[in-house]
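Q: Handing you this structure, nothing more for now.
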Amino acid sequence: MTDLSALSALELHYQASKLLADYVECIDDDRLEQWPDLFTPDCLYQVISRENADRGLSTSAMYCDSRGMLQDRVVALRHANIYAKHYYRHVLSNVNVKGVERGELLVQSNYVVLQTLVEGDTHVFNAGKYLDRMVATADGLRFKSKVVVFDTYRIPNLLVTPL
């Protein structure tokens, strides 16, 4: 991929939207083994409450600081954790490319995650915003950092799958 600062605003928006769509599709289609590939090797993935983010507190519901940690999370999900079968469906909105800073594309977007349990009931599981730093790689844009700031005050059950 070319230098991000050389791309038009429309192309930057398209590339960012495509990476976000690939991200939620991996989760929603339960292709979690592919999910870490959307990140750089030295990435940051953090899921943090809005309350902690607003107060500058670092305590997170999920924190991984490398692609290896993301891969470990998937292995644990598949083999170590026990949880009720469920399905996610993400709804993304307001993809806003904020600009390019030191070779990183800054993007903010909103999300809502619907969760359907095996009984068939669907409910809003989580809502919030993504704060992303994306970088150009030989494989296209990848997340250098993805901070998920959730507004949902209480998560109704265990947070095992990435948001």
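FYI, it's all coordinate maths here, none of it is from the lab. Note that the structure is a prediction, hence the values are computed from the model and not measured. Cβ: placed from backbone, ideal geometry, glycine included. Neighbour counts: every protein chain shown.
Q: Can you sort Ser8, Ser109 so the residue with the fewest Cβ neighbours within 10 Å comes first? Intermediate values should be presented prior to the final figure.
A: Numbers: Ser8 8, Ser109 17.
Least crowded to most crowded, the residues run Ser8, Ser109.
Q: Listing Arg133, Arg55 from the residue with the fewest other Cβ atoms within 10 Å to the one with the most, what is the order?
A: Final ranking by Cβ density, sparse to dense: Arg55, Arg133.
Q: Sorting Lys85, Lys18 on the 10 Å Cβ count, fewest up front, what's the list?
A: Going from least to most buried by this count: Lys85, Lys18.
Q: Project the alpha carbons of region 29-86 onto their principal axes and report the range along each, largest first, in whole Å.
A: Projected onto its principal axes, the Cα set of region 29-86 covers 35, 30, 20 Å.
Q: Which distance in nm do the two modelled labels at Tyr87 and Glu104 give, with both placed 7 Å along the Cα-to-Cβ direction?
A: Roughly 3.6 nm, to one decimal.
Q: Can I ask one more? Dividing the convex hull volume of the Cα atoms of the chain by its residue count, what figure in Å³ per residue is obtained? Provide the component values of the computation, followed by the final result.
A: On the way: hull volume 18.3 nm³, N = 163.
With only Cα atoms used, the chain gives 112 Å³ per residue.
Q: HN-Hα J couplings of region 36-52 from phi, Karplus 6.51/-1.76/1.60, θ = phi - 60°, integer Hz, Gly and Pro as x?
A: Residue by residue, region 36-52 yields x, 5, 7, 10, 6, x, 9, 7, 10, 10, 9, 10, 9, 5, 4, 4, 5 Hz.
Q: Taking square-rooted eigenvalues a ≥ b ≥ c of the alpha carbon gyration tensor, is region 74-133 rounded, prolate or oblate, where a/c under 1.5 means rounded and, failing that, a/b exceeding b/c means prolate?
A: On the way: a/c = 4.93, a/b = 1.79, b/c = 2.76.
Because a/c hits 1.5 or more and a/b fails to exceed b/c, region 74-133 counts as oblate.
Q: For region 76-142, state which GluC sites (Glu not before Pro) are in a DSSP loop and have at most 11 other beta carbons lying within 10 Å of their beta carbon. Kindly include the intermediate steps, with their values, before the conclusion.
A: Details: sites: Glu101, Glu104, Glu119; in loops: Glu119.
Within region 76-142, the qualifying GluC sites (Glu not before Pro) (loop, at most 11 other Cβ atoms within 10 Å) are Glu119.
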